[in-house]
Each structure stands twice: as C-alpha cells, then as structure tokens.
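K.L.:
The structure is given below, and queries will be raised subsequently.
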Amino acid sequence: MKEKFQIYNTLTRKKEVFEAINPPHVGIYVCGPTVYGDPHLGHARPAITFDVLFRYLKFKGYKVRYVRNITDVGHLENDADSGEDKIARKARIEQLEPMEVVQYYTYRYHKFIEMLNVLPPSIEPVASGHIIEQQELVEKIIENGYAYESNGSVYFDVEEYNKKYIYGKLSGRRIEELMENTRELAGQEEKHNNVDFAIWKKAGPQHIMRWKSKWSEGFPGWHLECSAMSTKYLGYKFDIHGGGMDLLFPHHECEISQTVAAFGQESVKYWMHNNMITINGQKMAKSLGNFINLEQLFTGNHPMLQQAYSPMTIRFFILQAHYRGTLDFSNEALQAADKGLQRLFAGINTLEKLKTSDKSTVNINELSSLCLEAMDDDMNTPILISHLFDGVRMINSVAAGNESLTQEDLSKLKKLYGDFVTDILGLTDEKSGLGSDSLLKEVVDLLLHVRMEAKAKKDYATSDKIRNNLTAMGFEIKDSKDGFDWELP
C-alpha cells in the first residue's frame, strides 16, 4: 500500500497525500442522481470518476465501503427550499405514483451506468428509506440552537451558525455577500434570513410525498439526506465525499453546516469534485436544449449526434480529460476517442502474438512506475493513457522485430495492461468479445490457419475465398513473414 497517493481536497484547495482515517478501511460517499429522468452524459462523469477512485483504492490494497445515494424525495425545483419536488412534479404530469417514477428511472440509471462498466457501490441508500434518520437529525440541529420552526417548516439558521463556525468555507463564499445577493422568493417570509434553507418543509395541499413529524406533515429538505445517510453508513468521521462541481454550493456547503450543527464536528476529511461536461462551452442542461441522454448516445438518436457511440467510447472520452478539468463534447472528440480506444486494444491484442527473446531492450519497470505516478498524482488519467500509448508503441516495435523482450517482461507487460486498462480504468474491448481468448478470436484464427495451409498446398482458390469473405465481414487481414494478423475495425 503506497502512501504517496495524492488527491485534490476542495476544502483546502490543494493536493494532499491520502491518509485513511482507519486504514486499511476507507469510506467514500458520493451524491448519486435524482431519479426523475433518464441518465445523461453529465451523470456519466461523476459515476466514472468515482468508479475509478473506487477501483484504484482497492487496487492499492484498501478495503473500501463505497456509498452512492439515490435521491428519490426532497429535491426541490430551486434546489434549496421552495418550488415543487421534481419527482412529485413528474408523477403529477404523467399521472403516476411517485415511486413508479423512482422505480422506472432508477432501473434506467442502473442499466446505462452498468453499460459504462461502472461497478455497483457497496451500499446504495435512498432518501425515502431514511426519513426517521433525517427527522432525528433535524431534532439535533434544533436542540443545538441552529434551526428554528416556522409555520410547520424547519429552517437552518445560517447567521446563528456563522457566529461560531464558518458557512461558506467549502465554496469560498462569504455570508455577507450571500445575504446581500440572495433574492427573495415567494413564500420566503417564513425565514429569518433569505440565506436560511429548509431542513424540513411543510407539505402543501397538492404535495404528494409527505411524512408525519412533530413539526408538520411534510418532507425533508434536499441537503439533509446526504448528511443523514453518510454518517449512518460511514460514521461521524469518514474519508472522502465526492460529487459534481455543481453540487459544491449550496448542496455540499449545507451538508457541512448541518453535520457540524448536529455533531459539533465535520465528518469529511477529503472533498473531491469532478468538473462539468460542456457543449460548445455551455453546461449541458435541459433548459438550454443541449441535453443528450446516454441512450441517445448509444443509439445515435439525437440531432446533435453524427453517429452512435459505444459505452466504452464514452468512458474513454471522459477518462481522456482530468476529472477536475472541464470536458467539452463534440462529435469530433468522440470519434477521436473511438479511434484511440481501438488503437489501445489493438496493441493489447498484439501482446498475445509477441515472440520472446533471451533479453529485453525495453524497460517495462519504468513504464509501470510512470503509470503508477500518474494515478498517484490526483488520478491523472490522461497522463496514464499517454503512458499506455507509449507502451503500445513499444509493443508494436517488438512485434516488428525492432525491439525484444523476455518471457518475464512479457508477463509483466500483460499484467500492467490488465491492471491499468481493465481493473483501474475499467475499459473493455467491445469489438473482440471482451478479451483475446474469446470465441471470436479462436474462430477467426482457425479460419486463417486453414487459409495458410491452403496457400502452402497452392490451393489459392480456397485461400482467396477465406480472405475475401472475412474482408467482406469487416475484418482487416494482414499477412506477415511469421503468419498473419487481423483486426476488426
């Protein structure tokens, strides 16, 4: 277990060497989706980012409890404390029970995220299943003097909290500026200040999702669920909390305040945030009309798409950028990612065809060290991928007879690509049956061996027929002095 793994802590605004609170155990909490619509490209980035973190920590020998929640209640239209719950609104429009909406879109999320080869979390709690825990948290915050009841709703008192603690420490916002700039919304007269946010909301007559409480029949505020569920499953002090940059304020800022107000201490050691995916420089959003969901990407059924893109192409596209950098969508970028992914797996498949020597002229240990350094540097996947392509050039050079490697080094190289490409980056070879030992490879190799035997017997009619038929199916056949090679573009 190496101790040099660094991650960027949003709270301290710098890279820090990761040190687990209770090694070898690591607790990770990541904000999952609000399930009122199909998962889109923006949902894919945090899912893949924290999937890689999950995979890498396990690779390094940690025992990881990864908690990723599902928001199925309490996510209001202005993401704070007013408007209609997004799931309830969807249910009302489509004349469904809210849990029908939740069930349908939770299934859709799991289906498409699994296609991206995102591992399931250790625990996937839902907000509606933790109403009691959220009510208990509200009671603690009231008892400690940081919340007040008003007309059946309960609001967090930001100004009172800020007298002892700092509200805005994660996002860098000052309470004075927030109080000046926060606009007044309809129904906000219940609050002491406009910056206060609801931790329990009294349900209006038309509100479908509601639970009984000592304050009113209502529902929890959106921010409350993550404070309640993260501490329930990971304890009052855990290692990493992650999510998209769009959640940094107000959601994660409010989480910190609620947890400190209830328990007198912060629960999270490292805050990690992935940046946004943009389209022509704009954030992807339904309101902007630039919204592309994952099913549309996989089928190509969207006006902005020139073609369909496979799940692994989408995953590779996302991993080619550092998780903290913005990533701009374009058909050209996705097509380039597809070609790059094919080149990467063509190199990996060539490993099975390499002939070994009694000495190596390539340095596998150096390549391995560079790959580890890239991942240890705040999960720098684009640098890792560049090193993997350096390795592909090395593989092709050995295949061409320009370099040599021993059997021991060949085994190391196979393990390196298995570790970093398959286990850590989570990439699979979609076009060759997910592995060089697939049935497809065996069948094609058998046909090409039959072709070689036919050529040796000067049976050129059979030889040409096999080659022509495979070419017509899309295979690229390459003859070499040692036999043959083939690809399926």
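K.L.:
Scan the range 329-358 for residues that are hydroxyl-bearing (Ser, Thr, Tyr), surrounded by 15 or more Cβ atoms within 10 Å (Cβ to Cβ) and assigned to a loop (DSSP other than H, G, I, E, B) and jot them down.
P.N.:
Residues satisfying the conditions are 356, 357.
K.L.:
Say we look at the range 419-441 and pick out the residues that are hydroxyl-bearing (Ser, Thr, Tyr) and either exposed (fewer than 15 other Cβ atoms within 10 Å of the Cβ) or not in a helix (DSSP H, G or I) (or both); which of these is modelled with the lowest pLDDT?
P.N.:
436
K.L.:
Taking the range 296-315 as the region of interest, how many residues are in contact with an Asp or Glu (Cβ under 8 Å, 6 or more places away or on another chain) and of a type in the set (Phe, Trp, Tyr)?
P.N.:
So the answer is 1.
K.L.:
Would you check if residue 416 is surrounded by 16 or more Cβ atoms within 10 Å (Cβ to Cβ), at pLDDT 95 or above and assigned to a helix (DSSP H, G or I)?
P.N.:
Yes: the conditions hold for residue 416.
K.L.:
Return the total of residues in the range 365-378 being out of contact with any strand residue (DSSP E or B) (no Cβ under 7 Å at 6 or more places or on another chain) and under 18 Å from residue 49 (Cβ atoms).
P.N.:
2
K.L.:
Check off (1) touching a helix residue (DSSP H, G or I) at 6+ places or on another chain (Cβ under 7 Å); (2) assigned to a loop (DSSP other than H, G, I, E, B); (3) more than 30 Å from residue 55 (Cα to Cα); (4) not hydrophobic (A, V, I, L, M, F, W, C) for residue 134 and give me the number that stays unchecked.
P.N.:
(2)
K.L.:
Just checking, does the range 453-462 include any residue being at pLDDT below 95 and either surrounded by 15 or more Cβ atoms within 10 Å (Cβ to Cβ) or within 23 Å of the chain's Cα centre (by Cα) (or both)?
P.N.:
Yes, the conditions are met somewhere in the range 453-462.
K.L.:
Which residue is surrounded by the fewest Cβ atoms within 10 Å (Cβ to Cβ), if the candidates are limited to the range 95-131 and must be assigned to a helix (DSSP H, G or I) and of a type in the set (S, T, N, Q)?
P.N.:
103
K.L.:
Can you tell me how many residues in the range 353-380 are out of contact with any His (no Cβ under 7 Å at 6 or more places or on another chain) and within 18 Å of residue 423 (Cβ to Cβ)?
P.N.:
8
K.L.:
Any residue in the range 132-157 that's free of Cβ contacts under 8 Å to residues at least 24 places away in the same chain: show its pairings with residues that are buried (at least 23 other Cβ atoms within 10 Å of the Cβ) at Cβ separation under 7 Å, as long as the two are six or more apart or on different chains.
P.N.:
Correct list of pairs: 142/154.
K.L.:
Go through (1) within 30 Å of the chain's Cα centre (by Cα); (2) crowded, with 20+ Cβ neighbours inside 10 Å and name the single condition residue 201 misses.
P.N.:
The single condition residue 201 does not satisfy is (1).
K.L.:
Any chance the range 170-177 includes a residue that's among the hydroxyl-bearing types (Ser, Thr, Tyr), surrounded by 21 or more Cβ atoms within 10 Å (Cβ to Cβ) and under 34 Å from the mean Cα position of the chain (by Cα)?
P.N.:
No, because not a single residue in the range 170-177 is among the hydroxyl-bearing types (Ser, Thr, Tyr), surrounded by 21 or more Cβ atoms within 10 Å (Cβ to Cβ) and under 34 Å from the mean Cα position of the chain (by Cα).
K.L.:
While we're here: Would you pick out the residues in the range 248-283 that are part of a helix (DSSP H, G or I) and surrounded by fewer than 18 Cβ atoms within 10 Å (Cβ to Cβ)?
P.N.:
248, 249, 263
K.L.:
Mind checking whether some residue in the range 194-204 is in contact with a strand residue (DSSP E or B) (Cβ under 8 Å, 6 or more places away or on another chain) and under 19 Å from residue 173 (Cα atoms)?
P.N.:
yes
K.L.:
Let me ask something additional. Among (1) surrounded by fewer than 20 Cβ atoms within 10 Å (Cβ to Cβ); (2) at pLDDT 90 or above, where does residue 89 come up short?
P.N.:
(2)
K.L.:
Looking at the range 293-328, which of the residues that are among the aromatic types (Phe, Trp, Tyr) and not in a loop (DSSP other than H, G, I, E, B) is surrounded by the fewest Cβ atoms within 10 Å (Cβ to Cβ)?
P.N.:
298
So that you can scan it fast, the table gives a plain yes or no per residue for (1) surrounded by fewer than 22 Cβ atoms within 10 Å (Cβ to Cβ); (2) under 16 Å from the mean Cα position of the chain (by Cα); (3) not hydrophobic (A, V, I, L, M, F, W, C):
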position: 12; (1), (2), (3): yes, no, yes
position: 26; (1), (2), (3): no, no, no
position: 32; (1), (2), (3): no, yes, yes
position: 54; (1), (2), (3): no, yes, no
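K.L.:
Somewhere in the range 227-243, is a residue over 26 Å from residue 14 (Cβ atoms), among the acidic types (Asp, Glu) and either modelled with pLDDT of 95 or more or not assigned by TED's automatic domain parsing to the domain that holds residue 100 (or both)?
P.N.:
No - not one qualifying residue is present in the range 227-243.
K.L.:
Here is a follow-up. Quick check on my filter: what residues within the range 442-486 are more than 21 Å from residue 354 (Cα to Cα), assigned to a helix (DSSP H, G or I) and of a type in the set (Asp, Glu)?
P.N.:
453, 464
K.L.:
Tell me which residues, restricted to the range 359-409, are assigned to a helix (DSSP H, G or I), surrounded by fewer than 20 Cβ atoms within 10 Å (Cβ to Cβ), over 31 Å from the mean Cα position of the chain (by Cα) and not hydrophobic (A, V, I, L, M, F, W, C).
P.N.:
Hits for the range 359-409 are 396, 397, 407, 408.
The values are calculated or read from the model by the stated rules, or taken from the named source; none is laboratory data. All of these numbers come straight from a predicted model, not from anything done at the bench. No Cβ is skipped: glycine too gets one built from the backbone with ideal geometry, and neighbour counts run over all protein chains shown.
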